C-alpha cells in the first residue's frame, strides 16, 4: 500500500494529482479476517497505533488496537458487523504500543472478495485531527454562506465552481447559474478581460491581489453603474496543488460615488478659481468674453458661446415681450474637436436675430437658465440660429444644451451658451450650479468692460473732434501728423498737436500732453488747444505764450500739462521754440546727424511761478523738425536715453516723405504694451 502513495490514476487513464485531504486526516486502513486477526496493516496504522506491520499482522486486533476496557464491547460490535453487514462508526480510546492513550475515530464495514471470503475493513483517524477539520469546514461553510461579502471560487480554467449567496445577490443571478460559466458569461457589462487577466496572474505567481477596483453593471441593477473592490487569492491543497482562485467582492458604490462627487467638487472649485484668475484680466470686452469661453471649454462643455444683447452693447435698455425676437451679438465662440458645431455658431462680432421661442431668447428674456438635458431632433430649431446651423449641430452630435444668463447689477446682459458633444453625460444639477457661478463672476467683468468701452469711445470721439485737420503745406512748411490712441484697455489720454498759420507766412507748431486720462483729460486738452490758438494769433513770443497758458492751466481744476511751442519764420530761416516740461524736439539737417535740440526744459503748465525761455534755432529749407509726446518713446523695459537714441536712428533720411516717416516712427517705436497715446508732428522747411 505504501508504494501507491503519491501517485493516482483518473478514469480513462489520464494522470491526476491526489487530494491532500486524506493526508491531512492521515487515515489508517486495517483489514481483519473473520476471527478478528490482522491480515492488512497500512503505514498510517503503524503511525496511529505504534506497531509495525510485522508486529501487527496475524495478531488479534483487540490486542493492538483497542484499550482493554473496551475489548468486550468492540468484539460484540465486530461480530454484529460481520453477521449483518451493517457498518459501524464510533470513537474509542486506544492504547498505543508505547503505553499512551489516544482517542480514535473508527469506521468499520464488511468486505467480501471474489471467492466469497468475508473480511472486515477498519478505517481509523486521530479524533482531534478529525474534530479540527470538522470545525474548520463548519466555520468555512458558515462564513461563506452568511458573509455579507461576495465570495466565489473559480477553477484554473476560470470557471465558477462555488458562489456564496451574497455574490449571487450582487450579480442578480442564482448561485447554480454561475457554476461552470466564466465571468463574461455571467456579467457581460463588467470588464471581464481585466478581471480574468488579474486572475491568471494570481494563478501564475501565487501573489494575492488586494482591493482592485472595477466598475460595471449587473443584473441586480442594470440601469446604474456600481463599483466593487475585488481581492484575489490562489487556492492550494496540502500538497501545494493549485485548485483555483478565491475571490472576495465588496460593493463600494457609495464610496465610489462619494469619491466622484468629491472629485467633481474639487474640479468645480478649481474651475472657479481658474475663472477668477483668468476672466477680466483687461477691460477689453471681446477679450473678457473669450476668457469666459476658454474657461468653460473643455471642463464644462465641448462648445461655448458668449452672446450679448446688441442693445446692451450699444448702451440701450432691453426689455422684449414674449413675442419679440432678440438681436444677439456674438462676442466669443470656443470649441474642441467640433468643427461642424463651430461653423454652426455665429462668428464673433456678428449680430443674429433669434426668434422669441428660441433658447437664447428665452434665457435673456426670463433671466433664468434653460436646460435641454437630452437634445432631440425637434429641439435643434430652438438651439440653432438657422436651419443650416441646426443641420450642422445634428451632424456634430450635440446631445445636451444649457444656456445661462449673464446678469450684472440686476441687468441681463446676454447668455453663456453651452453644448456637449464628446462628453457623454447630459448637463445636470451640478453643471448648472457651476455654469451659473461662472456666468455670475464673468458678467460683472463683462459689464465693467462694456461700460469702460462706452466711456472710452465717448472720450476718443471727443478727443478726435478736438484735434485739428491741416493742409499738408502751410506757409514755408510741409507738415504731417499722427494721433495714435492708447490700447483698447487703456483710457484715452490728453495728447494733442496743432498747426497754426500766422501772419507774414509764419507757422506755429504745437505738441502737448495733459496729464491724466479719460474725458476730463480730453476736455482739458480741448480748452488748452483753444487757448493756444487764440494766443498764437497775437504773435506772442513763445515763452510769453507759455506763461499765459500756465496761468490758464492753473485755473483748470489743478490740471498739469507739458507743451512745446515753436514758431517758424521762413523769411529768416529760423525757429523760435519754448518748452514747458516736454521732451525735446528732434532736428535733422541735410549732411548732419539727427539731433535733439538743447532747450531749457521749463516747468509743466499749471505748476506756476517758473519762467519760460525762448530758444532761437536755424531751420532752413530741407531741415526736418520732429515734435512728439512721451507715448512714442517711453516703455517700461528701456531707459529714456535708449529710446531717444532709437528715435534719432530712425531719422537718418531727411528726404523721406513725411507721411511715410510718421508711419515708420509709429510702427518702430510705439510698443503694443505701451498704455499711453501718442501725438506726432513732423515739419520740413520748403525752399
(message) Can you give me the angle between helix 127-146 and the longest principal axis of the chain, using Cα atoms only, in degrees from 0 to 90, rounded to the nearest 10?
(response) 40
(request) For residue 113 paired with residue 541, estimate the spin-label separation in nm (one decimal), with each label point 7 Å from Cα along the Cα-to-Cβ line. (result) 15.5
(request) Please report, in cubic angstrom per residue, the volume enclosed by the convex hull of the alpha-carbon atoms of the range 147-251. (result) 90
(message) Which residues does the label zone of residue 640 cover in the range 551-586, counting backbone N under 13 Å from a point 7 Å along Cα→Cβ?
(response) 562-563, 580-585
(message) Could you tell me how far the Cα centroid of the range 130-186 sits from the Cα centroid of the range 375-393, in Å?
(response) 54
(request) Treating the angle as unsigned and between 0 and 90°, give the value, to the nearest 10°, between the Cα long axis of helix 429-466 and the longest Cα principal axis of the chain. (result) 10
(request) Find the relative contact order for the chain and round it to a whole percent, using C-alpha pairs within less than 8 Å whose residues are 6+ positions apart. (result) 7
(request) Report the relative contact order of the range 147-251, percent, no decimals, based on alpha-carbon pairs under 8 angstrom and at least 6 residues apart. (result) 29
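Would you please classify the overall shape of the range 573-687 from the alpha carbon gyration tensor, given that a ≥ b ≥ c denote the square roots of the eigenvalues, rounded means a/c under 1.5, and beyond that prolate means a/b larger than b/c while oblate covers the rest?
Values: a/c = 1.92, a/b = 1.03, b/c = 1.87.
Cα axes put the range 573-687 in the oblate bin.
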(message) For a quick check: sort 308, 666 by the number of other beta carbons within 10 angstrom, fewest at the front.
(response) 666, 308
(request) Name the shape class, rounded, prolate or oblate, that the alpha-carbon gyration tensor gives for the range 291-424, where a ≥ b ≥ c are the square roots of its eigenvalues, rounded holds for a/c under 1.5, and otherwise prolate holds if a/b is larger than b/c and oblate otherwise. (result) prolate
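Once every DSSP H run of n ≥ 4 in the chain is given -39500 (n - 2.57) and the sum is divided by its residues, what mean residue ellipticity at 222 nm do you get, rounded to the nearest 500 deg cm²/dmol? Write out the running numbers ahead of the final one.
Working: 21 runs with 241 residues, N = 687.
After summing the helix terms and dividing by the residues of the chain, the value is -11000 deg cm²/dmol.
Could you tell me which of rounded, prolate or oblate describes the range 110-165, using a ≥ b ≥ c as the square roots of the eigenvalues of the alpha-carbon gyration tensor, with rounded for a/c under 1.5 and, failing that, prolate when a/b is larger than b/c and oblate otherwise?
Oblate, because a/c is 1.5 or more while a/b does not exceed b/c.
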(request) Based on other C-beta atoms within 10 Å, arrange 667, 213 from fewest to most. (result) 667, 213
(message) I need 31, 38 ordered by Cβ neighbour count within 10 Å, fewest first.
(response) 31, 38
(message) For q values of 0.06, 0.09, 0.10 Å⁻¹, compute log₁₀ I(q)/I(0) with the Debye formula on a Cα-only model of the chain, without solvent.
(response) -0.65, -0.94, -1.03
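Once R0 is set to 56 Å, what does the formula 1/(1 + (r/R0)^6) return for the Cβ-Cβ distance between residue 356 and residue 143, expressed as a FRET efficiency to the nearest 0.05? Walk me through the intermediate numbers first.
Working: r = 68 Å, r/R0 = 1.22.
The formula returns an efficiency of 0.25 here.
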(request) With a cut-off of 15 Å, note down the residues of the range 535-562 whose backbone N falls inside the zone around a label point 7 Å from the Cα of residue 503 toward its beta carbon. (result) 535-541
(request) Mind jotting down a quarter of the surface of the convex hull over the alpha carbons of the range 188-304, in square nanometres, one decimal? (result) 10.9
(message) Compute the helix-to-body angle for 519-536: its Cα long axis versus the longest principal axis of the chain, expressed 0 to 90° and rounded to tens.
(response) 20
(message) Place a point 7 Å from the Cα of residue 253 along the Cα-to-Cβ direction; which residues of the range 182-203 have their backbone N under 19 Å from it?
(response) 186-192
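Bear in mind these aren't lab numbers, they're just calculated from the coordinates by the rules spelled out. Everything numeric in this text was worked out from a predicted model, so none of it was measured. Cβ sites come from the backbone with ideal geometry, for glycine too, and all protein chains shown count toward neighbours.
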